[in-house]
């Protein structure tokens, strides 16, 4: 039941966390807010915000590794294909090995089932990029991104928070 509830709540997050527009300044504001939280809470994370054609914001905080950079890249690739949160994909696919089924033709070196990637959706346009956080347990990576977007859009993060794990 908890998984079903989480999938529904994540679908709601995706539906409500939509931007009127998204540009370099927006990416910087959200990225800087995530970085600020990461510094304050001593989170060992990488933050990667990309449009499909280029990176708009990137930072690596103390304790993060080059592996986190790769996980973020692979999460962003999943968002690009499915236009969904990677944590939602984790919960709906339910594959312990973190890979996509062979028939989906998504190689492990470029795609991963791990939470922390979230679509940048613009009203009237669609998904134009992704925000990824890597370095924490996947549910927490997801929460960090959702909270930052909600704050930026002036939406109560409590309204959109997932229930207890």
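The values are calculated or read from the model by the stated rules, or taken from the named source; none is laboratory data. No experiment lies behind these values; they were computed from the predicted model shown. All Cβ positions, glycine included, derive from the backbone under ideal geometry; neighbour counts span all protein chains shown.
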Condition first: more than 17 Å from residue 64 (Cα to Cα), touching a residue at least 40 places away in the same chain (Cβ under 8 Å) and touching a helix residue (DSSP H, G or I) at 6+ places or on another chain (Cβ under 8 Å). Now tell me which residues in segment 98-128 satisfy that.
112, 118, 119, 121, 127
Considering each of 123, 75, 80 in turn, give the residue that is closer than 17 Å to residue 49 by Cβ and over 11 Å from the mean Cα position of the chain (by Cα).
80
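Out of the residues in segment 21-51 that are within 14 Å of the chain's Cα centre (by Cα) and in a helix (DSSP H, G or I), which is nearest to residue 142 (Cα to Cα)? Even if it seems obvious, please write down each step before you answer.
So in segment 21-51, the residues within 14 Å of the chain's Cα centre (by Cα) come out as 27, 30-31, 34, 45-51.
From the residues that got through so far, the ones that are in a helix (DSSP H, G or I) too are 27, 30-31, 34.
Details: 27: 17, 30: 14, 31: 14, 34: 12 Å.
By that ranking, first place goes to 34.
For the structure I just gave you, tell me whether residue 85 is surrounded by 15 or more Cβ atoms within 10 Å (Cβ to Cβ), at pLDDT 95 or above, in contact with a strand residue (DSSP E or B) (Cβ under 6 Å, 6 or more places away or on another chain) and farther than 21 Å from residue 153 by Cα.
Working: surrounded by 15 or more Cβ atoms within 10 Å (Cβ to Cβ): yes; at pLDDT 95 or above: yes; in contact with a strand residue (DSSP E or B) (Cβ under 6 Å, 6 or more places away or on another chain): yes; farther than 21 Å from residue 153 by Cα: no.
Criteria not met by residue 85.
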Quick one: would you say residue 15 is assigned to a helix (DSSP H, G or I), without any contact (Cβ under 8 Å) to a residue 60 or more places away in the chain and under 16 Å from the mean Cα position of the chain (by Cα)?
yes
So, in segment 29-68, how many residues would count as being in contact with a strand residue (DSSP E or B) (Cβ under 6 Å, 6 or more places away or on another chain), crowded, with 17+ Cβ neighbours inside 10 Å and in contact (Cβ under 8 Å) with a residue 24 or more places away in the chain?
13
